[in-house]
Amino acid sequence: MFQNQYDIIVIGAGPAGLMAAIESGKSSGGILIFEKMRKPALKLKISGKGRCNITNSANLKDFISHFGKNGRFLKFAFAEFFNTDLLEYFEKLGIRFKLERGGRYFPQNNSAMDIAKALLDKAKSLNIPLSANSEVIDIAKSPDEKFIITINKNTQRIQIKADKVVLATGGKSYPQTGSSGAGYKLASQLGHTITPVSPSLVPVETKGNTAKKLQGLSLRNVKVKIWCKNKKVDERFGEMLFTDFGVSGPIILSLSKTIVKLIDDKQKVFITIDLKPALDHKMVDQRILKEINEHGKQSYKNLLKRLLPGKLIPVFIEKLKILEGKQLNQINSEERKKLSMLLKEFQLEVTGYRSFDSAIVTSGGICTKEINLQTMESKLVKGLYFAGEIIDIDADTGGFNLQAAFSTGWIAGRAMKVSTQKTGSDLE
Ligand SMILES: Cc1cc2nc3c(=O)[nH]c(=O)nc-3n(C[C@H](O)[C@H](O)[C@H](O)COP(=O)(O)OP(=O)(O)OC[C@H]3O[C@@H](n4cnc5c(N)ncnc54)[C@H](O)[C@@H]3O)c2cc1C
């Protein structure tokens, strides 16, 4: 079924592994991809809610800033293979793209399946074999400096040798797609340091039943701030969602990295939602005063209807403790101030965050200092390459994570091609 030996073994058929395999210039006999799941690229197929937000139009500096402190590690990879290169790459494979809000690129037909298919078809056309249902459970180095890879396939144990190995097993998030963190163990067995991993881009849990009462409510154009020890630590503007356990949605996911760190540090964390970010406190108060002056005979519930989405009205009434039938001209200044305060700073206490099962990406992973950023080759183990989310890189939502997976895969593939060519000419 398998040869005893290959030039390259790629572990993991996600975007990073597939790209590395395709760009390595190898075909049948020289390369083999192992994928532990029955089907390859499961996470890619569900990315962007099935629409695949493949990359972002941000310029290089801005793009890198979305990765936080480890963004520097990606500078070279992005300089060599960036957003326009990625779009052109897939356009050559027959995919057309459209640009949406926030610089997000999606395939024109909104099909993540088609992105995965294009990549898998390309690998097939290059005669790159992919062995599914094949979980790599061990990698070791033999005395002749070759890698010995042990695979579990249909309960059978098989050992294969290779000159080069690409570890592209992803992170620990969404383990149902195959990325269960196994790659960290394989890398640490080979001597690599794993920066502690935690869920990132993850929904957040909040105290009490306020979120549950608002479950399903999506708020657009709000500003969410994170507070710790009475200090604002972070903030984002955009869209969020209430769930039965707390909050989620794009800006909460982006803020979750900060929240996870604080919670792990045993800090008390609060979020406030500014429901009227275009108006400052004074302007909100003036707006309410105007309503009181113009519609004094109306009930205060009517005012709430003009200010808020329906689901928020009973929650506001409960928090303000003002009888809903009270006329606007009976509202005193203290009650008015309480209302404007709640509109600007609707507060929830954070109690925790969801597990890896519902995290979009993993923070932490293979320490970037141990990887050559120009080749993605390990600085510790010759012939071992890394690509994608297994590396300690993670970014905001917006197409940044997939670009990183594709760019690092592309760099690893190219480096293996170049080094194989060099070895070839050395022998001549
Ligand atoms: C729900 C969801 C939506 C997302 N949407 C977006 C988006 O729209 N845009 C964006 O930029 N990012 C998105 N992401 C993040 C993005 O999908 C990942 O960062 C990206 O898939 C990482 O690619 P990868 O190839 O490194 O790892 P993965 O895609 O996780 O692939 C790793 C592969 O390795 C296999 N594997 C693991 N261990 C072994 C083993 N021991 N042996 C053999 N095979 C193994 C796994 O089965 C898997 O197929 C999303 C993530 C999730 C969970």
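The values are calculated or read from the model by the stated rules, or taken from the named source; none is laboratory data. What you see is a predicted model; the values in this text were computed from it and never measured. All Cβ positions, even for glycine, are placed from backbone atoms using ideal geometry, and neighbour counts span all protein chains on display.
Key figures for this structure:
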item	result
Residue in the range 147-159 that is over 19 Å from Asn83 (Cβ atoms) and touching a helix residue (DSSP H, G or I) at 6+ places or on another chain (Cβ under 8 Å) present	no
Check on Gly191, in contact (Cβ under 8 Å) with a residue 12 or more places away in the chain, near the ligand (Cβ under 9 Å from one of its atoms) and under 30 Å from the mean Cα position of the chain (by Cα)	no
Residue match in the range 264-278 (condition: part of a helix (DSSP H, G or I), within 27 Å of the chain's Cα centre (by Cα) and within 21 Å of Trp227 (Cα to Cα))	yes
Test: residue in the range 331-345 that is more than 10 Å from the ligand (Cβ to nearest atom), surrounded by 24 or more Cβ atoms within 10 Å (Cβ to Cβ) and modelled with pLDDT of 95 or more	no
The range 214-228 - residue that is touching a Lys or Arg at 6+ places or on another chain (Cβ under 8 Å) and not in a strand (DSSP E or B) and, of those, surrounded by the most Cβ atoms within 10 Å (Cβ to Cβ)	Leu214
Hits in the range 157-213 (condition: assigned to a loop (DSSP other than H, G, I, E, B) and among the β-branched types (Val, Ile, Thr))	Thr169, Thr193, Val202
Tabulated pairs, the range 169-186, first over 16 Å from Leu18 (Cα atoms), second of a type in the set (Phe, Trp, Tyr) and outside any helix (DSSP H, G or I), C-beta under 6 angstrom, 6+ apart or interchain	none
Some residue of the range 16-30 being more than 8 Å from the ligand (Cβ to nearest atom), of a type in the set (S, T, N, Q), without any contact (Cβ under 8 Å) to a residue 40 or more places away in the chain and surrounded by fewer than 19 Cβ atoms within 10 Å (Cβ to Cβ)	no
Among the residues listed as Ile33, Ile8, Ile54, the single one being under 15 Å from Ala404 (Cβ atoms) and surrounded by 21 or more Cβ atoms within 10 Å (Cβ to Cβ)	Ile54
First in the range 42-62 and closer than 16 Å to Phe82 by Cβ, second anywhere and polar (S, T, N, Q) and more than 7 Å from the ligand (Cβ to nearest atom), Cβ under 7 Å, 6 or more apart	Thr55/Asn83; Asn56/Asn83; Ser57/Asn83
Positions within the range 353-399 being on the phi < 0 side of the Ramachandran plot, touching a residue at least 60 places away in the same chain (Cβ under 8 Å), assigned to a strand (DSSP E or B) and more than 10 Å from the ligand (Cβ to nearest atom), in sequence order	Tyr353, Ser363, Ile366, Ile371, Ser378, Leu384, Tyr385
